[in-house]
1. Does the stretch 26-43 hold any residues that are more than 24 Å from SER84 (Cβ to Cβ) and open to solvent by 60 Å² or more (accessible area, probe 1.4 Å), and which are they?
2. Is it the case that ARG46 is free of Cβ contacts under 8 Å to residues at least 12 places away in the same chain and open to solvent by 60 Å² or more (accessible area, probe 1.4 Å)?
3. Go through the stretch 63-101 and give me each residue that's outside any loop (DSSP other than H, G, I, E, B) and either open to solvent by 40 Å² or more (accessible area, probe 1.4 Å) or modelled with pLDDT under 95 (or both).
4. What pairs can you find where one residue is in the stretch 110-125 and in contact (Cβ under 8 Å) with a residue 24 or more places away in the chain and at positive phi, the other is in a loop (DSSP other than H, G, I, E, B) and open to solvent by less than 60 Å² (accessible area, probe 1.4 Å), and their Cβ atoms are less than 8 Å apart, with a gap of 6+ or different chains?
5. Return a yes/no flag: does the stretch 114-125 have any residue that is at pLDDT 95 or above, within 20 Å of VAL153 (Cα to Cα), among the polar types (S, T, N, Q) and open to solvent by 20 Å² or more (accessible area, probe 1.4 Å).
Amino acid sequence: FSPAPHADLTKLLHDDTALKAFEDAITRRGLVISALNCSGNPLHPRAEKREHDTQVTRDTIVLAERLGIERIVLMTGCPGTPTSTDYPNWVTMSWPEDFVELLDWQWDNAAIPFWKEMAAFATQHHVQKLCFELHPGMLAYNISSFERLRKAVGPVVGVNLDPSHFF
C-alpha cells in the first residue's frame with residue numbers, strides 16, 4: 001500500500017513538529033480544514049486490505065482529534081460473502097432471494113458491528129460525525145442504504161454529499 005499523496009498520516013500522528021508545520025501551512029493561508037478524508041474499504045473480505053483500511057480510518061480519527069476536526073469523510077466499505085476471502089460483493093437487487101440473504105449477512109455480520117464500534121471510537125476521540133460518501137460499490141450507496149446504517153449506528157453517521165456519485 002502506498003501512502004496517501006495529500007498528507008503523511010503516520011508522520012502527522014507521531015511527529016509534533018510535522019503536525020505543527022502542517023497546521024501552520026493551513027492557517028497562514030487563511031484556510032480551515034472542515035473534515036479529513038480516508039476513503040477505503042474497511043469491510044474488504046481480504047484481511048490485509050481490511051486491516052490496512054481499518055487502521056487508516058482509526059488513525060484518521062486520532063489525527064482529527066489532534067487537529068480539533070470534528071468530521072471525517074469516508075466510505076462505508078463493502079464486504080464479500082460468508083465464504084469469500086477475495087472480492088467485495090456489491091448487492092443492488094432484491095431478486096433472486098439469494099441477494100437479500102447475502103445483503104442481510106453483510107449488514108448484520110460485517111457492517112453494523114464494525115460501524116457501531118468505529119462510531120464509539122470516533123466519539124471517544126471527539127469526532128462528532130462520520131460523513132459517508134454514498135458511492136457505487138459501497139454498502140451504503142443511496143439514501144435507503146444510508147438510512148439503514150444510520151438507524152443501526154446512530155446520529156454520529158452522516159452523509160458527505162457528492163452528487164456525481166449518483167450518475
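The values are calculated or read from the model by the stated rules, or taken from the named source; none is laboratory data. Since the structure is predicted, the reported quantities are computational estimates derived from the model, not experimental observations. In this analysis, Cβ positions are derived from the backbone assuming ideal geometry, glycine residues included, and neighbour counts consider all displayed protein chains. Surface areas here come from the heavy atoms of the whole protein model, side chains and all, with no ligands, DNA or RNA. Shrake-Rupley method; radii C 1.70, N 1.55, O 1.52, S 1.80 Å.
1. Across the stretch 26-43, the qualifying residues are THR27, ARG28, ARG29, GLY30, LEU31, VAL32, SER34, ASN37.
2. On the way: free of Cβ contacts under 8 Å to residues at least 12 places away in the same chain: no; open to solvent by 60 Å² or more (accessible area, probe 1.4 Å): yes.
No.
3. Within the stretch 63-101, the subset outside any loop (DSSP other than H, G, I, E, B) is 63-67, 71-74, 97-101.
Answer for the stretch 63-101, where residues must be outside any loop (DSSP other than H, G, I, E, B) and either open to solvent by 40 Å² or more (accessible area, probe 1.4 Å) or modelled with pLDDT under 95 (or both): GLU65, ARG66, ARG71, GLU97, ASP98, PHE99, VAL100, GLU101.
4. Pairs found: none.
5. Keep residues of the stretch 114-125 that are at pLDDT 95 or above, which gives 114-125.
From what's left, within 20 Å of VAL153 (Cα to Cα): 114-125.
Then keep just the ones that are among the polar types (S, T, N, Q); that gives 123-124.
Pick out the ones that are also open to solvent by 20 Å² or more (accessible area, probe 1.4 Å) and you get 123-124.
Yes, the stretch 114-125 has at least one match.
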